[in-house]
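To start, the structure under review is shown below, and the notes come after it.
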Amino acid sequence: MNGKIMYTLLKKDIKSCLANKNILVSVLIPIFFCALYRYLFSGIGEGMQGFVLNISAIFAISIIPTSILPIMIAEEKEKYTLRSLMLAHVRGHEFLTSKILVCLGMTAVVSTAVFFIAGGDGQDYFAYLAAAMVSAAGLCFLGAMAGLLSKDQASAGTISAPLTLLTMLPPLFSGFNDVFERISAVVPTTSFQTIYTAVQSGQNILSGNSLTAIIVCAVWIAGGAVLFDVFYRRKGIDC
Amino acid sequence: MTNILKANQLTKTFGNVKALDHCDLEIRKGEIFGYLGPSGAGKTTTIKLLTGQLHSDAGEVTVLGKNPFSPEIRQQIGIMSDMSGLYEKMTVYENLDIFADIYGVKNKKKKIKETLEAVDLYDNRKKKVEKLSRGMKQRLVFARTILHNPRLLFLDEPTANLDPATADEIRELITKLNRNGTTVFLTTHNMEEADELCHRIALLNKGHIVECGSPEELKLKYSKKKVLITTGKGKKEISLDKNELIDELEKTEDLLMIHSEEPSLRDVFLSLTKEENA
Ligand SMILES: Nc1ncnc2c1ncn2[C@@H]1O[C@H](COP(=O)(O)OP(=O)(O)OP(=O)(O)O)[C@@H](O)[C@H]1O
Ligand SMILES: [Mg+2]
């Protein structure tokens, strides 16, 4: 990987995100919801605040890697700018790494905003952020594969909408019944919820459920990387 | 003259389509080499094989003395594909800035300014690309292709879908660049363009190179060797044979015009590609 090219791509991707209204709106939705819930539930009490933060963070962690990432990749395919980059011999993995880093950066910004709007405890912030990042990283390869599969932004939307729902809903419904609980236990967004709950109650996050949750994310990251690599070798990025 | 590119027995198959079948190519340093052929003949595929975008099934390619996949090559060649995209939401300047950084262009600001002036877009440098006309966009793509001073340029239909005036501008740019020493590999469907610009031409049909030579050589080779004589009585076509011609001229009293029936490059192209198709 070439450092100068990575820096150029990152700069470009950040700039294009800021210029893309669809992306800005999607990123602002969790923040907007958080502010709205905070306002609606302001009189209800302590428990609600945790609920608002949890739901907004999960929203951000799932929508950015599984919706925005594929759309960013597909946009460059649709407009043939990916082709132009490849003709200048930018490599596929440089292109994708930059996009993934930008998405992780966005996740960090949005989950931070949500944390402070919802009134999270400042003491827990770094543990919270780490949990959010690990969980989002677990979903990035899934999003990158969706991006590889889609030809244009419209098809990226079609593929990513169910992905976003499937990653967002399990932690929220895990309490419904056993089946939901078992499924949700292996989804990275639930991992975030589990780790953060452990942090809030002062438990050691490297033990019990929280450790399992961390392992789930690690498996998603490692498995995703391997699967993505196989997929990428077979399909290529732009042919 | 030395070769800047050499391809030996290049072959590429997609499924059961033989896109390229044992093609030999030699591009000489400093020339504009025209690569002509009907749609689907394999022109774009050839460019992909020559520039390391695609692996061939068989055959060898040497570009500037190296394998086309070697990383050093990218600094020395420029590729304008028939599907090159620009960042529409960014300005003209920003589009070049990104690629100058990717190529590691030295004296970046000065070089971008010079290149924008060369394609006559300097005054529009702050405009968003989405606000440009089609011709301006094509000139910007061209500017981006030559930004890093490539020694060898691959242009895949650079004037397709352009109005005549803009196409002329692009052709002028190509000629100017070539005069300054850049070697050009050009594909086009425009026969007049090929005739005007190219020093040598290869005709590709169904993955085979069916003819190669300078436009003049090709036209002479496929000349019907006929002369058209116009007299007061009408027109008459006779073969370009010295004795026959003298006989004919002696018989004629009211000679108005003598016209050699030289084929155009278009005629050569059509006859060769039709023959093959038949
Ligand atoms: N990626 C691909 N997969 C399958 N077939 C392909 C692929 N690329 C090209 N072909 C086939 O190879 C043949 C040559 O295509 P190519 O694009 O090289 O033609 P061309 O001479 O550039 O045509 P045009 O003038 O229309 O651009 C065609 O039959 C085309 O359908
Ligand atoms: Mg083509």
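The values are calculated or read from the model by the stated rules, or taken from the named source; none is laboratory data. Just so it is clear, the structure is predicted and the values come from calculations on it, not from any experiment. So basically every Cβ, Gly included, is an ideal-geometry build from the backbone, and we count neighbours across all protein chains shown.
Does any residue of the range B:217-225 turn out to be touching a Phe, Trp or Tyr at 6+ places or on another chain (Cβ under 8 Å), surrounded by 15 or more Cβ atoms within 10 Å (Cβ to Cβ) and at pLDDT 80 or above?
So far as the range B:217-225 goes, no, none of its residues is touching a Phe, Trp or Tyr at 6+ places or on another chain (Cβ under 8 Å), surrounded by 15 or more Cβ atoms within 10 Å (Cβ to Cβ) and at pLDDT 80 or above.
For the range B:80-121, how many residues are in a helix (DSSP H, G or I) and either among the β-branched types (Val, Ile, Thr) or in contact with a His (Cβ under 7 Å, 6 or more places away or on another chain) (or both)?
Within the range B:80-121, residues that are in a helix (DSSP H, G or I) and either among the β-branched types (Val, Ile, Thr) or in contact with a His (Cβ under 7 Å, 6 or more places away or on another chain) (or both) number 6.
With the range B:219-264 as the region, which strands (runs of 3 or more DSSP E) entirely inside it contain at least 3 residues that are outside the structural domain of B:Leu203 (by TED's automatic domain parsing) and within 33 Å of the chain's Cα centre (by Cα)?
Per the criteria, B:226-231.
When you scan the range B:160-208, how many residues do you find that are β-branched (Val, Ile, Thr), in contact with a helix residue (DSSP H, G or I) (Cβ under 7 Å, 6 or more places away or on another chain) and more than 13 Å from ligand 1 (Cβ to nearest atom)?
Final tally of qualifying residues: 6.
Specify the residue that is surrounded by the most Cβ atoms within 10 Å (Cβ to Cβ); the eligible residues are those in the range B:46-78 that are at pLDDT below 95 and hydroxyl-bearing (Ser, Thr, Tyr).
Only one residue tops the list, namely B:Thr51.
Could you list, in sequence order, all residues of the range B:70-94 that are more than 10 Å from every other protein chain (Cβ to nearest Cβ) and either hydroxyl-bearing (Ser, Thr, Tyr) or over 19 Å from the mean Cα position of the chain (by Cα) (or both)?
Within the range B:70-94, B:Ser70, B:Glu72, B:Thr91, B:Val92, B:Tyr93 meet the criteria.
Test A:Glu78 against the stated conditions and say whether it is more than 8 Å from chain B (Cβ to nearest Cβ), over 14 Å from A:Ala144 (Cβ atoms), in contact (Cβ under 8 Å) with a residue 40 or more places away in the chain and charged (D, E, K, R).
Against the criterion (more than 8 Å from chain B (Cβ to nearest Cβ), over 14 Å from A:Ala144 (Cβ atoms), in contact (Cβ under 8 Å) with a residue 40 or more places away in the chain and charged (D, E, K, R)), A:Glu78 qualifies.
I'd like the residue in the range B:12-47 that is in contact with a Ser or Thr (Cβ under 9 Å, 6 or more places away or on another chain) and in a helix (DSSP H, G or I) and, out of all such residues, is nearest to ligand 2 (Cβ to nearest atom).
B:Thr44
Right, A:Thr212: within 20 Å of A:Gly120 (Cβ to Cβ) and modelled with pLDDT of 90 or more or not?
No: the conditions fail for A:Thr212.
Is it fair to say A:Gly92 is under 20 Å from A:Gly224 (Cβ atoms), within 14 Å of chain B (Cβ to nearest Cβ) and small (Gly, Ala, Ser)?
Against the criterion (under 20 Å from A:Gly224 (Cβ atoms), within 14 Å of chain B (Cβ to nearest Cβ) and small (Gly, Ala, Ser)), A:Gly92 qualifies.
Can you pull out the residues in the range B:38-63 that are away from chain A (no Cβ under 14 Å) and either within 12 Å of ligand 1 (Cβ to nearest atom) or over 20 Å from the mean Cα position of the chain (by Cα) (or both)?
Correct list: B:Pro38, B:Ser39, B:Gly40, B:Ala41, B:Gly42, B:Lys43, B:Thr46, B:Ser56, B:Asp57, B:Ala58, B:Gly59, B:Glu60.
With the requirement that a residue be more than 18 Å from B:Leu121 (Cα to Cα) and acidic (Asp, Glu), what does the range B:144-183 give you?
Hits for the range B:144-183 are B:Asp156, B:Glu157.
Is at least one residue of the range B:122-129 part of a strand (DSSP E or B), within 14 Å of chain A (Cβ to nearest Cβ) and over 25 Å from the mean Cα position of the chain (by Cα)?
Yes: one or more hits.
How many of the residues making up the range B:163-193 are more than 16 Å from ligand 2 (Cβ to nearest atom) and in a loop (DSSP other than H, G, I, E, B)?
4
Taking B:Thr159, is it part of a loop (DSSP other than H, G, I, E, B), closer than 30 Å to B:Arg28 by Cβ and touching a residue at least 12 places away in the same chain (Cβ under 8 Å)?
yes
Which one is farthest from ligand 1 (Cβ to nearest atom), of the residues in the range B:12-30 that are surrounded by 14 or more Cβ atoms within 10 Å (Cβ to Cβ) and either under 18 Å from B:Ile79 (Cβ atoms) or within 14 Å of chain A (Cβ to nearest Cβ) (or both)?
By that ranking, first place goes to B:Ile27.
Please specify each residue of the range A:32-55 satisfying the condition of being modelled with pLDDT under 80 and not hydroxyl-bearing (Ser, Thr, Tyr).
A:Phe41, A:Gly43, A:Ile44, A:Gly45, A:Glu46, A:Gly47, A:Met48, A:Gln49
In the list A:Ser150, A:Ser111, A:Ser84, which residue meets the criterion of being under 20 Å from A:Gly50 (Cα atoms), of a type outside the set (Val, Ile, Thr) and either surrounded by 23 or more Cβ atoms within 10 Å (Cβ to Cβ) or out of contact with any Leu (no Cβ under 6 Å at 6 or more places or on another chain) (or both)?
None of the others qualify; the one that does is A:Ser111.
Got at least one residue in the range A:50-72 being more than 10 Å from chain B (Cβ to nearest Cβ) and farther than 22 Å from A:Met133 by Cβ?
Looking for residues that are more than 10 Å from chain B (Cβ to nearest Cβ) and farther than 22 Å from A:Met133 by Cβ, one finds none in the range A:50-72, hence no.
Name the pairs: first residue in the range A:1-19 and facing another protein chain (nearest Cβ under 8 Å) and among the polar types (S, T, N, Q), second residue assigned to a helix (DSSP H, G or I) and surrounded by 15 or more Cβ atoms within 10 Å (Cβ to Cβ), Cβ to Cβ under 7 Å, at least 6 apart or on different chains?
So the pair list comes out as A:Thr8/B:Ile98; A:Thr8/B:Asp101; A:Thr8/B:Ile102.
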